[in-house]
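First up is the structure itself, then whatever we jot down about it.
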Amino acid sequence: MAQVLVVEDDPEIRRALIHSLTERGHAVTSAPTGMAGLGAAVNEGCDLVILDLGLPDIDGLELLRMLRAVSQVPVIVVTARGDENSVVKALEAGADDFVPKPFASASLDARIKAVLRRTSSEGETDQTLTIADLVIDPAGRQVSLAGEELDLSAREFDLLHYLASNQGRVISKRELTIEVWRQPYGGTDKTVDVHLSWLRRKLGETAAEPRFLRSVRNVGIKLVNPNE
């Protein structure tokens, strides 16, 4: 059973979320404002946060940045802001997933379980991967490039680790969506593209001048040893 914190100012939506999530086996607490939610997440703890962006006291994106400064608890953003720009901003701020309103409770429950499956496997140990001057330590969830540690988000680490574990093999966006995001494939190309762009930047490369990450047009992407 997961402990879920719902940060939502609308009392009807909040009650509906608490009811539907409780029925699906989750233990649910809630907060009607952003700062109350931040305090609950930090002081009381939870396994996952469901965060509305339209909060009365603070913008949800700013709250997400504040939360990310002190915690890596998984966050699913649930909001009426369903445009692409809002999705990108939420991911940049540290969201693990984004669900636009309106949504079905079964869909949200599936997203919660997918995020929790991914985060629960983050502590699993594995062999350190070394590819040229790139070193990936799954046990410590650390990555270094030419001796310098990289600051990667949890999703960026998972994406890089999966690509490195399949070094040299072309991997489709469909496979990345299923294996890294733990979600059925469907309309998430933009999310994959955004994360790949962030990862390239942190690896010191671009799509035009790749080093580790090589795109194969209309097929997918592969991670290669640039020295070979």
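Under 6 Å between Cβ atoms, at least 6 apart or on separate chains: pull out the pairs that start in the range 213-228 with a residue that is without any contact (Cβ under 8 Å) to a residue 60 or more places away in the chain and small (Gly, Ala, Ser) and end on any residue that is assigned to a strand (DSSP E or B) and surrounded by 11 or more Cβ atoms within 10 Å (Cβ to Cβ).
Filtered contacts from the range 213-228: SER215/ILE221; GLY220/ILE171.
Read through the list (1) touching an Asp or Glu at 6+ places or on another chain (Cβ under 9 Å); (2) charged (D, E, K, R); (3) surrounded by fewer than 16 Cβ atoms within 10 Å (Cβ to Cβ), then give the number of the only condition that GLU148 fails.
(1)
Just checking, how many residues over the range 17-43 are assigned to a helix (DSSP H, G or I) and either closer than 24 Å to ALA114 by Cβ or among the hydroxyl-bearing types (Ser, Thr, Tyr) (or both)?
10
Which condition does THR128 not pass, out of (1) over 29 Å from SER144 (Cβ atoms); (2) over 19 Å from the mean Cα position of the chain (by Cα), if it passes all the others?
Result: THR128 passes all but (1).
Pick from LEU91, LEU67: which is at pLDDT below 85, surrounded by 17 or more Cβ atoms within 10 Å (Cβ to Cβ) and in a helix (DSSP H, G or I)?
Only one candidate passes the filter, namely LEU91.
In this structure, is ASP193 under 16 Å from LEU91 (Cα atoms), of a type in the set (D, E, K, R) and not in a helix (DSSP H, G or I)?
For ASP193, the condition - under 16 Å from LEU91 (Cα atoms), of a type in the set (D, E, K, R) and not in a helix (DSSP H, G or I) - is not met.
The values are calculated or read from the model by the stated rules, or taken from the named source; none is laboratory data. The structure presented is a predicted model; accordingly, all values stated were derived computationally and were not measured. Positions of Cβ are generated from backbone atoms using ideal geometry, with glycine treated the same way; all protein chains shown enter the neighbour counts.
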